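Below is one structure; the comments refer to it alone.
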Amino acid sequence: MSVTKRLIRAPAVIAIGANLGDRRATMLAATRELADTDGVELTAISSVIETPALKPSGVDHDAPAYLNAVALITTTLTPDALLAVLNGIERAHGRVRAERWGDRTLDLDIVDFAGIVSTSPRLTLPHPRAFERDFVLVPWLEVDPDAVLPGRGRVAELVAGLNGAP
């Protein structure tokens, strides 16, 4: 009897943002690079929305505004391997991590990976602040109306809560 090795494909949600340089071109290039990565299949990409910069102290209207989008992928990579790919794409586009939540040429975050709930020194799943960020939730809801953020609930309900709906 022969055993066939089968790769397991896991769904993941990637938040894409940029507020420095040619934001749209950088995001488009990064999305192409992600889609061209071995073990990654791009299944959907949201519209791009513009939002003010968010800093640890709150919204900073003096900082350049962000463009944001969400990509849905399936992947045979592990969460840590996917994070390494995303960090490499960020570096290739000039991402510098000088200050927490600082302005950046590119920001790629794993929002959800196959519903896994996990914390390590390098990666927390799902993204620990995604539930309170309309610039993640709204584009995600656009490409997946039935989306659920593990531990937080349906994305549609989270968006409604952010917008003050009962």
### Computed helical MRE - 222 nm, the chain, DSSP H runs ≥ 4 contributing -39500 (n - 2.57), nearest 500
-8500 deg cm²/dmol
### Query
Of the residues Arg32, Arg133, Arg122, which exhibits the maximal mean-square fluctuation in a Gaussian network model of the chain defined by a 10 Å Cα contact cut-off?
Arg122
### Query
What is the extension gain from Thr119 to Val148, computed as 0.36 nm multiplied by their sequence separation minus the C-alpha to C-alpha distance, in nm to one decimal?
8.6 nm
### Summary
Between the residues Thr31, Ala12, Val48, the Cα farthest towards the positive end of the dipole of the range 1-61, that dipole coming from +1 and -1 charges on the beta-carbon of Lys, Arg, Asp and Glu, is from Ala12
### Summary
For the range 1-92, inverting the pair-averaged 1/r of distinct alpha-carbon atoms gives a Kirkwood value in Å of 14.7
### Query
Mind checking the dipole of the chain: about its Cα centre, +1 per Lys or Arg Cβ, -1 per Asp or Glu Cβ, Debye to the nearest 20?
440
### Query
If you stretched the chain out fully between Thr78 and Ile8, how much longer would it get, using 0.36 nm times the residue separation minus the C-alpha to C-alpha distance?
24.2 nm
### Query
What's the center-to-center distance, using Cα atoms, between the range 20-78 and the range 118-166 in Å?
16
### Query
According to the Cα gyration tensor, what semi-axes, each the square root of 5 times an eigenvalue, does the equivalent ellipsoid of the range 103-166 have, listed from largest to smallest in whole Å?
20, 15, 11
### Summary
Under Stokes-Einstein, the chain at 25 °C and 0.890 mPa s, with its Kirkwood radius over C-alpha pairs, diffuses with a coefficient in µm²/s of 149
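Since every read-out is calculated from the coordinates, none of them should be taken as a lab result. Computed from a predicted structure; not experimentally measured. Cβ atoms come from the backbone with ideal geometry, glycine included; neighbour counts cover every protein chain shown.
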